[in-house]
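Worksheet: one structure, shown below.
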Amino acid sequence: MGSKVLVESTPKVGSKFWFDLDVPVVSIPINSTAIKTTDTIIGYSGEKRKILIVEDRWENRAVLINMLEPIGFELAEAADGQEGVEKAVEFQPDLILTDLVMPVMDGYEMAQQLRQIPEFRDIIIIAISANAFIANRQNSLESGCTDFLAKPIQVENLLDKIQSYLNVSWIYDCEGKNKSQEVGDESICYSQVAITEMVIPPKEELLALVQAAEIGDVSGVEQGIIRLQQLNPEYTPFATIVWELAEEFEYEEIIKLINRYL
């Protein structure tokens, strides 16, 4: 964009990085709109659902994982269409999110092959592509995809489609805005102050988690949270609260929270 990254550094004091850009002034006002994000969604009701993410770029898979994993979905990944077919047979997902342009086998052919397998004739396949032209959308549907989302992914759109196709009700954190009343669905709303009403994991699981928090083991805490979600979907509201604290490195708060149940 015609700029350079500059740096000033003073030993034992610190460093400063900056850049300058000339950008045009937007003449058309942009109206802010309310967006549903995973910050207030802490889980969903019902049985645990599986989602397969098929995408050749790991960073794009990571974006989707960071959106969906804290909510409690069981996820699997594949780096191309061929691996996606194999992983689908092994993982038996409830829904598939797939890129269309990939090496080895693209998303179009993967969808066609899956539709030839009896157990996947009715599975939900949502195509995700930066090429949002009508022709691309139409080609994806003709190949066997159920729906289409344009990149970059809008969290609200993705969650709306997942909720619609999987027929789930979101569980919200009531300390934020009460989204349940806004959307008018049957979503369940939990408050962090009412955490005593949630299903608390067994003591041995809590001990492992609090020990990781006490020594600042970031990876250990994250793995412990993921393990709780995998053990029982009913632990998801509790695990999500711990996850939110971990994202802010509030390990002291994690320790205090868990110690209430030890």
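Taking neighbour Cβ counts within 10 Å as the exposure measure, how do 129, 140 sort from fewest upward?
Details: 129 20, 140 24.
In increasing order of surrounding Cβ atoms, one gets 129, 140.
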Distribution of pairwise C-alpha distances over the range 86-148, 5 Å bins, in %: 4, 19, 33, 26, 13, 5, 1
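State, as an integer percentage, the relative contact order of the chain based on alpha-carbon contacts under 8 Å between residues 6 or more apart.
Working: 379 pairs, mean separation 40.8, N = 262.
Reported relative contact order: 16 percent.
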For the range 55-164, which chymotrypsin sites (Phe, Trp or Tyr not before Pro) are both in a DSSP coil and crowded by at most 14 other Cβ atoms within 10 Å? 133
So what is log10(I(q)/I(0)) for the range 41-166 at q = 0.16, 0.18, 0.21 1/Å, when the Debye sum runs over its Cα atoms only? -0.71, -0.92, -1.29
Over the chain, the quotient of the Cα radius of gyration and 2.2 N^0.38 Å is 1.18
Taking 0.36 nm per intervening residue step and subtracting the Cα-Cα distance, what contour gain separates residue 65 from residue 135 on full extension? 22.4 nm
Cα centre as origin, Lys/Arg/Asp/Glu Cβ charges: the chain dipole, Debye: 300
Over all alpha-carbon pairs of the range 195-259, lay out the pair-distance distribution in 10 Å bins, whole %, shortest bin first. 24, 64, 12
Run the quick spin-label model on residue 200 and residue 16: label points 7 Å from Cα toward the beta carbon, then report their separation in nm to one decimal. 5.0
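Using the structure shown, select from 12/256; 50/161; 50/203; 4/151; 48/151 the pairs with a Cα to Cα distance greater than 23 angstrom.
On the way: 12/256 35 Å; 50/161 15 Å; 50/203 27 Å; 4/151 28 Å; 48/151 27 Å.
Exceeds cut-off: 12/256; 50/203; 4/151; 48/151.
A short reminder: the numbers here are calculations on the coordinates, not readings from a lab. This one's a predicted model, so the numbers in the text were calculated from it and none came from an experiment. When we count neighbours, we look across all protein chains shown, and the Cβ atoms used for this are built from the backbone with ideal geometry, even at glycine.
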